[in-house]
Amino acid sequence: MLAVLTPLVLVGLSALTADPDYATPCMIAGVVMLIVALMVLMTVRPNGWWLVPGILLGVVLVAVPGAVLKGEVLLHRGVRTNVVVTAAHHGRPGKDGRVHWTCDIRRADGKPLAHAVLQDADCWGQSQVGTTETVIVDPDGWTGPVSTDQDYSGLGVGVGVVGAAAALWALLALAAARRTVRLRTAG
């Protein structure tokens, strides 16, 4: 169960983070699930060696699928749309020392727009308010809009990384359980 269900649940919860409405609760649930899975892995095989690869694979399974799904949705279904920047909000300076901005937007044609916010890379300050920008929008509103210069070149690698991490997690859990069963029957 640990070998099969953990990657499926982690990938599913991470994929749901592509929708900003579900991002925070699904990320929290994914981290909690990862902690529970690691605790189960440590009860199956209490040797600390199994924990390090479990953590690394789990972090990949929590962090990568949401970004890959968002990229895939926007690449295959995204539509170029003109939007007007209606407001710009700045937060505290980040670790890099620069101020990070978010911009409120609305469609130039007046139609409703799901997740009408541009994040840091696409919003650079108050001077942008009132300007018309072209962004990529998911017509069904599953993901938030992004800039037209979004780079999708790493999506294939991302899909491969997720698949490999899921398979390696399953192998890790099965190997830990197999080794435990072998040690119990030998003793």
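The values are calculated or read from the model by the stated rules, or taken from the named source; none is laboratory data. Computed from a prediction, not measured in an experiment: that's the story for all the values here. Backbone-built Cβ (ideal geometry, glycine too); neighbour counts: all protein chains shown. To get the accessible areas, we keep the full protein, side chains included, count just its heavy atoms, and leave off ligands, DNA and RNA. Shrake-Rupley method; radii C 1.70, N 1.55, O 1.52, S 1.80 Å.
A few comments on the model shown:
- Computed extension length for Ala177-Ala108: 19.1 nm, one decimal, from 0.36 nm per residue of separation with the Cα-Cα distance subtracted.
- Residue with peak Gaussian network fluctuation, the chain [Cα springs, cutoff 10 Å], from Val73, Val157, Val60: Val157
- Nearest 10 degrees, 0 to 90: helix 2-16 Cα axis against the chain principal axis: 10 degrees
- When Met33, Met27 are compared by accessible area of protein heavy atoms, the largest-first order is Met27, Met33, using a 1.4 Å probe.
- Quick note on the chain: its Rg to Rh ratio, both from C-alpha atoms and Rh being the Kirkwood radius, is 1.12.
- Dipole magnitude of the chain, debye to nearest 20 (Cβ charges: Lys/Arg +1, Asp/Glu -1, about Cα centre): 980 debye
- When the chain is treated as a Gaussian network with alpha carbon springs shorter than 10 Å, the biggest mean-square fluctuation among Lys70, Lys95, Lys111 belongs to Lys95.
- The gain in end-to-end length when the Val59 to Arg98 segment is fully stretched comes to 11.3 nm, 0.36 nm per residue minus the alpha carbon separation.
- The range 97-169: translational diffusion in µm²/s, Stokes-Einstein, Kirkwood Rh over Cα pairs, 25 °C, 0.890 mPa s: 168 µm²/s
- Relative contact order for the chain, counting Cα pairs under 8 Å that sit 6 or more residues apart, in percent: 26 percent
- For Trp142, net neighbour charge (Lys/Arg +1, Asp/Glu -1) across residues whose Cβ lies under 13 Å away: -3
- Label point distance in nm, Leu5-Gln150, each placed 7 Å from Cα along Cα→Cβ: 3.4 nm
- Accessible-area order (highest first, 1.4 angstrom probe) of the listed residues His100, His89, His115: His89, His100, His115
- Note on Val161 and Trp124: the model spin-label points, each 7 Å out from Cα along the C-beta direction, lie 2.7 nm apart.
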